[in-house]
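The values are calculated or read from the model by the stated rules, or taken from the named source; none is laboratory data. None of these values were measured; they are calculated from a predicted model. Cβ coordinates were reconstructed from backbone atoms using ideal geometry, including for glycine residues, and neighbour counts include every protein chain displayed. We work out accessible area using only protein heavy atoms, side chains counted, and drop any ligands, DNA or RNA first. Shrake-Rupley method; radii C 1.70, N 1.55, O 1.52, S 1.80 Å.
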Amino acid sequence: MRFRSMSSRLAAIAVVILVAGAMLSASSPARAAAPSPARAAATSVSPTLTVSTNLANRRYVASGDRAYELGSEDGRYPAMGFHTRGEMGGIWTPPIKLLDGIWFGVNGTWIGPATSFTSGFGHVQMTLPQTTTGPANNLQITRTDFVPDGRRAVEIGLTFTASNSAPFTLMVDAHSELMSAYPWGFTTPDQTQFNLPDTASFNGSQLVFQDVGTPPVANATPHSWAAVVGATGLTPASGKTGTDFRGPQDPPVICPIGSQPDKFRCDDTAYGKGAGGQLTYNLKLHAKTSTTIWFTVAGSDQGLAAAQTEFLAASANPAGEFAAKLASRQQVNSQTQVSLPGDPLLAQSVTWSKQDLADLTQQADNLLIRRTEQGTVYPPPAGSLPSIRFEGAGFPDYPWMFATDQEYTVFALLAAGQFATAEDGLRSLAAVSDIANNRSGKVVHETVTDGSVYFGLNDQPGDIDETAKFPDAVAMVWRWTGDNGFRDQMYDFTKRNMEYMVNTLAESDDVWPDGSGNVEATGLGEDKLDVAVYTIRGLLDLADMAASKGDTATEHFALSHAATMESQFRGAWWMPGIPQYADSLADPANSQILQRWWIGVTPMEAELYQNGVEQPGLALKADALKALALRETSCYSGTYGMYVEGGPGCDPGTFQGHIQQAYTLNTGVMAVGLGNYGLLGPTDQRRYTDDLAQLQLGAVAEQPGTMPEIGPSPDFAANVTQPFNERSSLDQAWGTYGVLWPVVHQQLGVGPQLGHGLLEVLPSVPPGQSTVSGSNIRVGTGSIDVTATHSGNTWTTTVKSALSCTLHVGATLQAGSTIHSVTLNGTSAAYQVRDTNAGRQVFVPTSCGSTAQVQVVAS
C-alpha cells in the first residue's frame, strides 16, 4: 500500500515576530492599564476536553483556514513529521512554514511545561505552572492559542494573575524556519537544496525573519517570504537576534537527515536553516487581577510588506478575533445537533467531528501547478490558479488536498451541514486536475498547497478510483443542496471522468478499468475491486444528473455501461468459498486474487441511485452478510476498528501477508457498509462507530477531540509511543465519514434528493435503543428536525421541515415486516413499501414545510 506523500512550491518568505499586548514602557516597569478589549482575559464558552498526563508526548494542532500551529501539549515544539523529516510542525501559513516555535519566560527563567491541556472549539488552552516573580508574588498563567479564520496569523494569549503588583520581565524567544511545503526531504530536488538561510533582525518593536532569493534549482522562482511576532500594545525593552533562541529547547537536539529509526524527540533538523531572536518586556500588573497579553505570529509568501499587513490586521483586536472564532465554531456546532440517549459516546463524537472538519478547512492562494512525477522532477509550471479551498486530509503531514480524502469526507461535510467546503473542495480538485492532466478527465491524487501535484497524472497508473468517485461526490452535493448551478458547473468534468474510466482504461479483454485504486501493493492484478465498484456507482450518478438535465445521450451511455458491469459483477468478483470479494483480477483470465484488503467492503459500502431510488449496497444481501460477518472476526478487525489488510486464520484463503493497522477510513467504510445492510447493533455498526469515538475521545486520543489517522493495532503502536517523526496524523478528516454518515443518513434516515425536489426521512432506530433525534440538519436552503422512536411494534418518526419539497416520511423496519397500520399526524394514511438491503422501508408521501408525524405499527 502506498502511503501518501506531499509536494510544495518554494516561495519567498519573510518572517516578522511581533508581540501584541498592552502599551507598556520598554525602558522601565509600568503598570498595566485596566483590561481593554484587546487585553481581556481569554475565556472559552465552548465545550472542552482536558487531559493532564503525558503531555510532552502528545501533539496538538490549532488551526484556521489560512494558518495553523502544531506543537506538543506541554507548550513545546518538538520536530515532527516525515515529508520533510522533522519540519512539519511549528507555525505555518500555507504554502510556507514560518516558525519552528515560540517560547515564553519570566525573570530569566523559562516557563515550565504545561500541567494540563484543553481542546475547545476552535482553540486550545494550557495551564502553565505557577511562576514566582519576587517575594510573596506568584503568577498564575494560562495560555490560549487560536488561529483567526481569514488571517495568515496565529494568536497566543498569556493570561496572568499576579498575587501582588511586583514588576517582572517577560521574555519571548522565536526561531524561524522559512520553508516551502514542497519539495520534501526525499524528493528531487529536496529541501537540502531548496531551503535558503533565513535572516533575523530587530526593528525596535518586532523580530523580523526573512528568506529572500532563488533556490539553486532548475525552474525555481524568486521568492520573498516573511513573518511577524509581537504583543498587542507593548513595546519591548530590548530585542536581539542570533542562531539559537529556542527557549528551553536550547541547546537543540538535531535530527540528522534520513535517519531511521529516528531519535524519539528532536528540537530541530539538519534541513533547518532558520534564525532566532528574543524580545523582552518590563511588566507590572494589577494585583489579583487577570490580564491577557496577546502575541501574534503572522507571515506571508508575498513579501515583508504583506506579512506586516497580515500582522496589523490580526493583532489589532485579538480578543475580538477570539470572540469571532468562538462564535463561528458555535455556529458549526449548532448544525446537526444529535441526541442519542442509547449511545452518548457516539453523539459526543458527532459534536467533535464537526469541529475536526472545520479545523481542516484550508485555503491556498497563488498556486503554480507542477507535474512532479512522484517527486522525481521539478518542471516549469503547467498552469496556475489564483486560489483553492478544500478539506485538508490531516495534520501534520497531509494538510493539503487529496482526492480520496475529499471524496470520502464529502459525505461527512454534507451530514454536518458544511456545504460550502464540500462544493469548494470539488471545484478545486477539478480545476487542478484539468490543468495537470490536460482535461483528460482523470482526477489528480495529491496536490500540495503550492500547486505541486505529486501523484495522479495521466502517465501514472493510479489512483483511478478517485476519478470513479468524483461523479458521486458531485451528485451527493447536488442531492443534499439542490444546487443545480453547482451540478451544471461540474457536469462536463463528471462526464469526462466516466468517459476516461470506460473509454480510456477499460481494456478489450473485459469491462473493468485497468489501473491502481486506493490500494497499491505487489501481487495485485490489473483490475481493482474499489475501482470496479465506484465506476458502477459513478456511472449511475452521472446518469441521474444527465436525466435531470435532459441529456439523454449521456444518460444512455452511463446506464448501458453500468448495466453491463453490474450484470457481470458478482460472477467476476465474488469468492463464495472464502466468503469475500476478490481484491483484484489478474490478466489474462481475470483470475481472482484475495489479499484481504479493506476495499473488500466497498461492494457493501457503496450506495446506488437508480430511477430516483436509493439502493444501499451493490452486493447481494446474502453475499454481503457473509462477507461482513467475516470482516468482524479477529483476523480482520481489532479493538479500534477494521484493519487495512486482514490476516490469515479465519478463512480458507492462502495469502499469508497482513497489515493489521486500524485506519479510521477503513473503519468508517465498515461502519457504513454494515448500516447499508441494516446491521446497526452493538456487535455490528455500533462496534465500529464506537471504535472511532474512542480513538477521538478516549484514553488513546493524542489531542482530545481530534480523529486520528490510525488507531493502535497489532501492526501499529499508539502514536504517543512512537518517535515524533514517524507518527501517523493526529487529526485526519476521513474518519469523520464513519461517524456522521451512519448517524445522520442511516440512523436518522435523512436522504435528500433535492435535485429532484424530494426529501426522504426513513430512520432506523438501532437495536436496543428506543430513540434517536437530530435538529437543525441542513438540507437544501433550509433545515429539518428529526425524532425517531421505537417501542414494541410501533415506530414513530416526526419531521419538522423548513423548506419546500416533496417529503417521504416513515421508517426502516426489519426485512419481511408485516405492516398493520400507518398514520400521518394521527390519521390513517396511504403508504408505500420499498424493500432494500437495509430493510423494509415504509413511508407516506406528503409535503415539506411543516411538521409531519408518521406512526407505523408492524410485526
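Residues that are within 25 Å of Thr53 (Cβ to Cβ), out of contact with any helix residue (DSSP H, G or I) (no Cβ under 9 Å at 6 or more places or on another chain), open to solvent by 10 Å² or more (accessible area, probe 1.4 Å) and at pLDDT below 95 do not occur anywhere in segment 162-181. Residues that are within 28 Å of Ala622 (Cα to Cα) and either buried (at least 16 other Cβ atoms within 10 Å of the Cβ) or at pLDDT below 95 (or both) within segment 819-839 comprise Tyr831, Arg834, Thr836, Asn837, Ala838, Gly839, listed in sequence order. One residue alone among Gly515, Gly550, Gly538 is on the phi > 0 side of the Ramachandran plot and buried (at least 20 other Cβ atoms within 10 Å of the Cβ), and that residue is Gly515.
Yes/no matrix, rows are residues, columns are (1) under 19 Å from the mean Cα position of the chain (by Cα); (2) part of a helix (DSSP H, G or I); (3) within 21 Å of Val779 (Cβ to Cβ):
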| position | (1), (2), (3) |
| --- | --- |
| Gln363 | yes, no, no |
| Leu367 | no, no, no |
| Glu373 | no, no, no |
| Pro380 | no, no, no |
| Pro386 | no, no, no |
| Leu413 | yes, yes, yes |
| Ala420 | yes, yes, yes |
| Arg439 | no, no, no |
| Thr449 | yes, no, no |
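Matching residues to (1) more than 14 Å from Arg537 (Cα to Cα); (2) open to solvent by 10 Å² or more (accessible area, probe 1.4 Å); (3) in contact with a helix residue (DSSP H, G or I) (Cβ under 8 Å, 6 or more places away or on another chain); (4) at pLDDT 95 or above:
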residue: Gln580; (1), (2), (3), (4): yes, no, yes, yes
residue: Asp583; (1), (2), (3), (4): yes, no, yes, yes
residue: Asp587; (1), (2), (3), (4): yes, yes, no, no
residue: Ile593; (1), (2), (3), (4): yes, yes, no, yes
residue: Arg596; (1), (2), (3), (4): yes, no, no, yes
residue: Glu607; (1), (2), (3), (4): no, yes, yes, yes
residue: Gln610; (1), (2), (3), (4): no, yes, yes, no
residue: Val613; (1), (2), (3), (4): no, yes, no, no
residue: Leu618; (1), (2), (3), (4): no, yes, yes, yes
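Can you pull out the strands (runs of 3 or more DSSP E) entirely within segment 172-257 that have at least 3 residues that are within 30 Å of the chain's Cα centre (by Cα) and closer than 23 Å to Gly451 by Cβ? Working first, answer last.
Values: elements: 199-202, 207-213, 223-231, 238-242.
Result: 223-231.
Ala227 meets all of the listed conditions (1) open to solvent by 20 Å² or more (accessible area, probe 1.4 Å); (2) hydrophobic (A, V, I, L, M, F, W, C); (3) in contact with a helix residue (DSSP H, G or I) (Cβ under 7 Å, 6 or more places away or on another chain) but one, namely (1).
Among the residues in segment 449-462, are any surrounded by fewer than 21 Cβ atoms within 10 Å (Cβ to Cβ) and among the charged types (D, E, K, R)? Within segment 449-462, one or more residues are surrounded by fewer than 21 Cβ atoms within 10 Å (Cβ to Cβ) and among the charged types (D, E, K, R).
Which is within 30 Å of Ser850 (Cα to Cα), surrounded by 20 or more Cβ atoms within 10 Å (Cβ to Cβ) and touching a strand residue (DSSP E or B) at 6+ places or on another chain (Cβ under 6 Å), of Val761, Val739? Walk me through it before giving the result.
Working: Val739 fails: touching a strand residue (DSSP E or B) at 6+ places or on another chain (Cβ under 6 Å).
The conditions single out Val761.
Among residues of segment 558-574 being farther than 17 Å from Leu608 by Cα and touching a residue at least 24 places away in the same chain (Cβ under 8 Å), the one that is farthest from the chain's Cα centre (by Cα) is Ala572.
Here Lys97 passes the criteria (1) open to solvent by 10 Å² or more (accessible area, probe 1.4 Å); (2) of a type in the set (D, E, K, R); (3) modelled with pLDDT of 95 or more except the one numbered (1). Take the residues in segment 279-288 that are modelled with pLDDT of 95 or more and crowded, with 23+ Cβ neighbours inside 10 Å, then tell me which one is nearest to Pro248 (Cα to Cα). Looking at the filtered set, the residue picked out is Leu279.
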